[in-house]
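J.: First the structure, then my questions, so here it is.
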Amino acid sequence: METNILGPGFAVEISGVDLSIDLTDTQFVEIKRLWLENKVAVFRDQNLEDDALVGFTKRFGPLFVHVRSQFNDAAHPEIMLISNIKEDGRNLGELGNGDLAWHSDQSYSARPVFSTLMYAIEIPEDGGGTWFCDTARAYERLPEGIKQRIAGLQQNFSIEVTVATQHVALSEEQRALKPPVTHPLVRTHPELGRKSLYLSPAHSTGIADLSEGEGASLLAELEDWAERPEFTYCHDWRVGDVVMWDNTSTMHRRDAFSPNARRMLKRTGFEFTEDRGVPF
């Protein structure tokens, strides 16, 4: 197993690993350590059947099933299709070909998903890159005065922001499963204890106990800080890539790509174990 750091102090490529076969306990422990330390892990040149993708994901924790189930695989509901491809006028997956704003997955949920994995099946020649932001390092390097200013603040999130900005279709039943939630603006990692900014502009509705203007100004200041080059890495996808990231310590976004190009990825995720309660 060999490693290469891809971003400015985070995002690790792990080579010499075949995720289609059962990993030894030693291999798995090392992969988990590298992923946790580096927030994003990249595995190139993988060839995975659905059972193998689900099996690898499940080894880390309880499988996550997305509320927008209309794009979940029929045989494996833990797999969600992310694609702009249409067949017979029907979307095979969701999220189209446009750019997607910075977000942390499921921040609008009471228990946000711990990690997301994506496996690349078809990739356009240009565009469609995924940017990652190391929100733990961004927090670490904040001036002390700002750290004191944001300590204890809570942020509001709603799936309705996603519906409005990404034109995502939700049934009333799906909406009912995701009422508005509040989470700390500074998040503590449940396994490592490190603190990070918990930012998700695509899902946020403001800061609790601050006026709309004050909250928007503060969030814009923190987002501008976190999006600096020293905290970000862009992943240019190749077919066969598996990328997994820690939603407690990162946010991510996607570049647009041509509507005439085809892009298909399979997404899985895993949650925190129940004994951790609300993982903040």
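J.: Quick one, could you list the DSSP H helices from the chain stretching 15 Å or more along their long axis (Cα atoms) with average Kyte-Doolittle hydropathy of -0.5 or above?
T.: Correct list, ordered by number: 212-226.
J.: Return the calculated 222 nm mean residue ellipticity for the chain, to the nearest 500 deg cm²/dmol, obtained by summing -39500 (n - 2.57) across DSSP H runs with n ≥ 4 and dividing by the residue count.
T.: After summing the helix terms and dividing by the residues of the chain, the value is -6500 deg cm²/dmol.
J.: For the chain, what is the charge dipole size about the Cα centre, in debye to the nearest 20, if Lys and Arg each add +1 at the Cβ and Asp and Glu each add -1 at the Cβ?
T.: That gives a dipole near 460 debye.
J.: For region 4-110, what is the convex hull (Cα atoms) projected area averaged across all directions, in square nanometres?
T.: 8.8 nm²
J.: Run the simple label-point estimate for Asn47 and Ala151 please: 7 Å along Cα→C-beta, distance reported in nm.
T.: Modelled inter-label distance: 5.5 nm.
J.: A further question on this structure: Starting from the Kirkwood Rh over alpha-carbon pairs, what translational D in µm² s⁻¹ does region 166-212 have by Stokes-Einstein at 37 °C and 0.692 mPa s?
T.: This corresponds to a translational diffusion coefficient of 246 µm²/s.
J.: Ordered by packing density, taken as the mean number of other Cβ atoms within 10 Å over each peptide's residues, highest first, how do 73-79, 133-139 rank?
T.: In descending order of packing, they fall as 133-139, 73-79.
J.: Right, next: For Asp88, Asp18, what's the fewest-to-most ordering of other Cβ within 10 Å of each Cβ?
T.: Asp88, Asp18
J.: What list do you get for Arg254, Arg68 if you sort them by fewest beta carbons within 10 Å?
T.: Arg68, Arg254
J.: Here's another thing I want to ask about it. Within 10 Å of each candidate Cβ there may be at most 14 other Cβ atoms; applying that plus a DSSP loop requirement, which GluC sites (Glu not before Pro) in region 91-184 survive?
T.: Hits after loop and neighbour filter: Glu125.
J.: Order by neighbour count: Met264, Met251, Met80, fewest other Cβ atoms within 10 Å first, most last.
T.: Met264, Met80, Met251
J.: Pop a pseudo-label 7 angstrom from the Cα along the beta-carbon direction at both Asn260 and Glu173 and give the gap in nm to one decimal.
T.: Here the modelled spin labels are 4.1 nm apart.
Rule-based calculations on the coordinates, nothing more; no lab input. Note that this is a predicted model, so its numbers are computed, not measured. Positions of Cβ are backbone-derived with ideal geometry, glycine not excepted, and every protein chain shown enters the neighbour counts.
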